[in-house]
Each structure stands twice: as structure tokens, then as C-alpha cells.
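These notes concern the structure reproduced below.
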Amino acid sequence: MMCTVCGCGPGEQSIETRGHQHEHEQGHGHEHDHAHEHHADDGLVDYGQGPARAHAPGLSQARMVEIETNILAKNDDYARANRDWLREHGVLALNLVSSPGSGKTTLLARTIRDLAAKDGDYEVAVIEGDQQTSNDAERIRAAGANALQINTGKGCHLDGHMVGHAIETLAPADDSLLFVENVGNLVCPAAFDLGENHKVVILSVTEGEDKPLKYPDMFAAADLMLVNKVDLLPYLDFDVSACIANARRVNPGIRVLEVSATGGDGLDQWYAWIDAARSFARVGA
Amino acid sequence: MHEMSLAEGVLDLIEKNAAEQGFARVLGVHLEIGELAGVDIDAMRFSFDAVTSGTLAAEATLDIRAVPGEAWCMSCCHGVSISRRGDPCPDCGSYQLQVTGGNDMMLKSLEVE
């Protein structure tokens, strides 16, 4: 369903399934039904058919082949398939990105609890990306949401393919809300479209206000910036308006909310933003 | 270090084209990488060497052309060049810029035999 051009790479990634780990290794069997391209490592590239078979000494057979293809084309194919599926099912997908320690998981757990209390209609599923451990997925499940952990191994970001498999396993309900908590990293996840509706970048006030300038690609890719931990501002030398100005230097259209996941500041605005985004997702806009 | 994933993407494209177009060895790989694409060129070279080792592109030379960053200045209403996101319009100093080019990364062509 999701994966129309699957090329599962060998490596250390694993995606949780109900009850066991789905390890991606060479030569593995697949439990889902989709057209399956083989890995390059399987040695299926056929060298025997090329013009080089008729090799004459001293005669160069070199030629130029035009390719003209975006290097991210494969990821973008997966992302497009994810986006089509999400749109078809009216699911709002938010890709949360930040440095490690910005409070993403705490914010997410609080959001899940508050949305459930506010409106029983909010069904929430979460894809958790970390290099190792399933601690975050456990925290999210404890908050009451359906969660799936992806361990990227040495990988520094989630990609469209991993998220496609995760959506297959999680099977979010129609018109529900899907959060993707990306690997804590302000660089690499910027380049990889997952098929999400919006990237939401979280910057906590215990970090530097110049982070949008240091890591401009992520702030340029995000539609919303949450300035988190604002309850700590009285104890810090953090200039919120300079931080927002820096974010708008790299992304003039970025929206900004100041929140505290533990103190509760600004969370009503965050939930109102989610409501609005969800309305757009439900009508496929 | 997402350049490793990008280099794997390049190798995927090479192997797909080798199967389709019937070539056995790649002598040269020509990439175009935008200045605003968020790619570290040295890391890309390192990653390319690492992922192509033992493949049909193991001996290939990697040629990377940097594509200048371009943006539309919403204050001056004309196109300008920028080399980094967050830089101001070189003419009016405004940060109201919309990136219009130099944010892609392309595999342009291959020299094969």
C-alpha cells in the first residue's frame, strides 16, 4: 500500500512491530505486499549486457550518460506515497524536529494528555525516531497514544521509507493526528521529506537564540517554531525577540508560538494551531 | 552527516541506470549541488568514496559543481544571489527573501563504459 518502490537497505534500522522487532537486514523476507526492488548489494545489476562485452584493446568505449535526476528522488517518491495516503485518510502529520534536549517528548506527552482531555475525538498516533532505545515510545504510550519506535542505528534522521513502514504498522485512524518525533538533530532531518503536512521546529530557551542562523536549513523548512521552556526565562539571558527575528531572517513566513510544556504557557495557542492545521488536512488542503 | 544517505542515493541511481542502460563501469560522476542545499561537499566526497567502494563506481572520479544560491527579494522585487540562508538582500539589506534556486542536488551525468 504505502511502499510502491521499496528498496529496503541493509543496515541497523529497526522498526518496532507488535511484539517483535522488524530488523532490516540483507536478504530479509518482507511481511507487506508491495512491488519489491532488490538491493544493489544482492548483485542483481547485470553487467553482462553492456557494450563493454566487446572490448577491443586500445579502443576507449567511454560514453556520457545524461541522468538529470535529483539525488533525493527516491526519498521523495516514498514521501509522496506517504503524503497521498495521509491525504486520502484525512490524517494530519506533524514532523517535530529539534536539537536533543529541547523538550520534544515532554511537549508531546503533555499535548496528547491535554488533547484527550479537551476532546475525546482526538485520536493520536506517534512515530518515535531515535538512534537507540524505545524509551520515548514508552513515555508516549504512557501518555495514552498509540506509538511506534524506529531506531535508526547510526542514521541521523528519519526518511520517507522508514516512515512509510511505520505508517503501515501503526495504521492511523481516518481524520486522526500523527506526530513524527524525528531524531534530535537540527541538520540532517531538514533535507528529508517524510510526507508530513508541516515540520514543527522546537527551540528551547536554554539553547542559543542564534540557532536559527547556525542551522538555517531546518528553520527554513519549518512552518511553525515553538519556543519552549519559556517558564525558565526569568532565570536566563535569552532574548526571545532576537530569536524570533533570527528565525524570520531565514524564513520570513515562519509562525512562532512561545510555550512551556511543563508550565502550560502558550499551550492553548499550540492546540488552536493544531486544530486549524487539522481542519486543512481533513479537507485535503 | 546525512551526506552518507545522499551518497547512497547517488549509488542507487547509478546502479539503476547501469541495469537500464547496460554499462559495467563508471569512470566519472557529475553532480550539481546548490549552495543552499545544506550539503557539506567534503563530507559528500568522503561518503561517496565510502559507499562506492567495491561497486561499479569504485574508480569513478567525482566532479561536483556548486550552483549559486538565488533568491527573490520581496522588498526590491528582483532576483538576487545569496550564498547562505539568513544573508540579507545584497541591494537593500532586507531579509524578506524567497529562495528560488541553488537548493537542489542533482546527479547530472555519468561517464561510463
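The values are calculated or read from the model by the stated rules, or taken from the named source; none is laboratory data. Because the structure is predicted, anything quoted here is derived from the model rather than measured. Note that each Cβ is placed from the backbone with ideal geometry, even for glycine, and that neighbours are counted across all protein chains shown.
Data overview
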{"item": "Test: residue in region B:84-93 that is surrounded by 14 or more Cβ atoms within 10 Å (Cβ to Cβ), closer than 19 Å to B:LEU6 by Cβ and touching a helix residue (DSSP H, G or I) at 6+ places or on another chain (Cβ under 7 Å)", "result": "yes"}
{"item": "Positions within region A:177-199 being more than 21 Å from B:ASN103 (Cα to Cα) and surrounded by 22 or more Cβ atoms within 10 Å (Cβ to Cβ), in sequence order", "result": "A:LEU177, A:LEU178, A:PHE179, A:VAL180, A:GLU181, A:ASN182"}
{"item": "Subset of region A:251-285 [under 18 Å from A:GLU209 (Cβ atoms), outside any loop (DSSP other than H, G, I, E, B) and within 21 Å of the chain's Cα centre (by Cα)]", "result": "A:ARG255, A:VAL256, A:LEU257"}
{"item": "Some residue of region A:43-57 being touching a Pro at 6+ places or on another chain (Cβ under 9 Å), modelled with pLDDT under 95 and of a type outside the set (Val, Ile, Thr)", "result": "no"}
{"item": "Given (1) closer than 21 Å to A:ARG80 by Cβ; (2) touching a Gly at 6+ places or on another chain (Cβ under 6 Å); (3) surrounded by fewer than 19 Cβ atoms within 10 Å (Cβ to Cβ), number of the condition A:ASP231 does not satisfy", "result": "(1)"}
{"item": "Any strands (runs of 3 or more DSSP E) falling wholly within region A:153-231 and containing at least 1 residues that are within 14 Å of chain B (Cβ to nearest Cβ) and under 20 Å from B:ARG84 (Cα atoms)", "result": "A:198-204"}
{"item": "Counted residues, region A:131-157 - those being of a type outside the set (Ser, Thr, Tyr) and within 28 Å of B:SER5 (Cα to Cα)", "result": "15"}
{"item": "Of residues in region A:161-219 being charged (D, E, K, R) and farther than 30 Å from A:LEU232 by Cβ, the one nearest to the chain's Cα centre (by Cα)", "result": "A:ASP193"}
{"item": "Any hit, region A:79-87, residues being within 14 Å of another protein chain (Cβ to nearest Cβ), exposed (fewer than 14 other Cβ atoms within 10 Å of the Cβ), over 18 Å from A:ASN228 (Cβ atoms) and not β-branched (Val, Ile, Thr)", "result": "no"}
{"item": "Subset of region B:30-47 (residues that are in a loop (DSSP other than H, G, I, E, B) and within 11 Å of chain A (Cβ to nearest Cβ))", "result": "B:LEU36, B:ALA37, B:GLY38, B:VAL39, B:ASP40"}
{"item": "Boolean, A:ARG141 is surrounded by fewer than 20 Cβ atoms within 10 Å (Cβ to Cβ) and either within 13 Å of chain B (Cβ to nearest Cβ) or under 28 Å from A:LEU233 (Cα atoms) (or both)", "result": "no"}
{"item": "Qualifying residue in region A:100-113 (condition: crowded, with 17+ Cβ neighbours inside 10 Å, at pLDDT 95 or above, in a loop (DSSP other than H, G, I, E, B) and not polar (S, T, N, Q))", "result": "yes"}
{"item": "Given (1) on the phi < 0 side of the Ramachandran plot; (2) in contact with a Ser or Thr (Cβ under 6 Å, 6 or more places away or on another chain); (3) not basic (Lys, Arg), number of the condition A:VAL97 does not satisfy", "result": "(2)"}
{"item": "Residue in region B:20-29 that is buried (at least 20 other Cβ atoms within 10 Å of the Cβ), within 11 Å of chain A (Cβ to nearest Cβ) and in contact with a Lys or Arg (Cβ under 7 Å, 6 or more places away or on another chain) present", "result": "no"}
{"item": "Selection status of B:GLY79, at pLDDT 95 or above and away from chain A (no Cβ under 12 Å)", "result": "yes"}
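Table: residues versus (1) modelled with pLDDT of 95 or more; (2) within 21 Å of A:ILE254 (Cβ to Cβ).
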{"site": "A:THR152", "(1), (2)": "no, no"}
{"site": "A:CYS156", "(1), (2)": "no, no"}
{"site": "A:GLY164", "(1), (2)": "yes, no"}
{"site": "A:ILE167", "(1), (2)": "yes, no"}
{"site": "A:ASP175", "(1), (2)": "no, no"}
{"site": "A:GLU196", "(1), (2)": "yes, yes"}
